[in-house]
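Some notes on the structure that comes next.
The values are calculated or read from the model by the stated rules, or taken from the named source; none is laboratory data. If you're wondering where the values come from, they're calculated on a predicted model, not measured in any experiment. All Cβ positions, even for glycine, are placed from backbone atoms using ideal geometry, and neighbour counts span all protein chains on display. Areas reflect the complete protein model, heavy atoms only, side chains present, ligands, DNA and RNA absent. Shrake-Rupley method; radii C 1.70, N 1.55, O 1.52, S 1.80 Å.
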Amino acid sequence: MQFVADESVDAPVYKALRDAGYNIFAIVEHHPGITDEEVLQIAYDKSAVLITQDKDFGELTFRMGKPHHGIILLRLSGLPPLQKAGIVISVFEEHKQELPSSFTVILSDFVKIRKG
């Protein structure tokens, strides 16, 4: 499974995911400054799950009907990046089969997964 990390994702988070063996394409490393629609299209073209901290992707997918292969919205503000990384890795390990084609919201004490 491949993932695309939006520019809003802290570098320690996507780097920790890489270190844990996940295939992460970081927008900031390849296409900094592109629009949310372009980010979503890159993730879709790569058949990747998008990781973001930007709520606008919910609008693009639910209200505007843009296609995706899964979106993970991180709502972990106020936590240090390495703590965020630990939470995200544990959610990935526990729910990896549910992430594709879902809209997942990760909070510090709760995970919500909405299929389709």
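Between Val28 and Ser77, the modelled labels are 1.7 nm apart [label points 7 Å from Cα along Cα→Cβ].
Mind scanning Lys55/Lys115; Lys55/Lys112; Lys15/Lys112; Lys55/Lys84; Lys15/Lys84; Lys46/Lys66 and naming the pairs with a C-alpha gap bigger than 19 Å? Over 19 Å Cα-Cα: Lys15/Lys112. Within the chain, the selection of entire DSSP H helices by a Cα span of 24 Å or greater along the long axis and an average Kyte-Doolittle value of at least -1.0 returns an empty list.
The residues of the chain expose, per residue, 52 Å² of accessible area to a 1.4 Å probe.
If you put +1 on each Lys and Arg Cβ and -1 on each Asp and Glu Cβ, how big is the dipole of the chain around its Cα centre, in Debye rounded to 20?
That gives a dipole near 340 debye.
Separation of the stretch 73-105 from the stretch 47-65 is 15 Å, based on Cα centroids. Between Lys46 and Ala11, the C-beta separation translates, for a Förster distance of 22 Å, into a calculated FRET efficiency of about 0.65.
For Rg/Rh (Cα atoms, Kirkwood Rh), computed directly from the structure shown, the correct entry in (1) 0.94; (2) 1.12; (3) 0.92 is (3).
Secondary structure note: in the chain, about 30% of the DSSP beta bridges are antiparallel.
For the chain, the share of accessible area belonging to carbon and sulfur comes to 49 percent (1.4 Å probe, ligands and nucleic acids excluded).
With all distinct Cα pairs included, what does the Kirkwood hydrodynamic radius of the stretch 59-103 come out to in Å, to one decimal, could you say?
Values: mean 1/r = 0.0837 Å⁻¹.
Taking the inverse mean of 1/r over all distinct Cα pairs, the stretch 59-103 comes out at 12.0 Å.
Using a basic spin-label model with each label point 7 Å from the Cα along Cα→Cβ, how many nm lie between Arg114 and Lys96? That separation, rounded to one decimal, is 2.6 nm.
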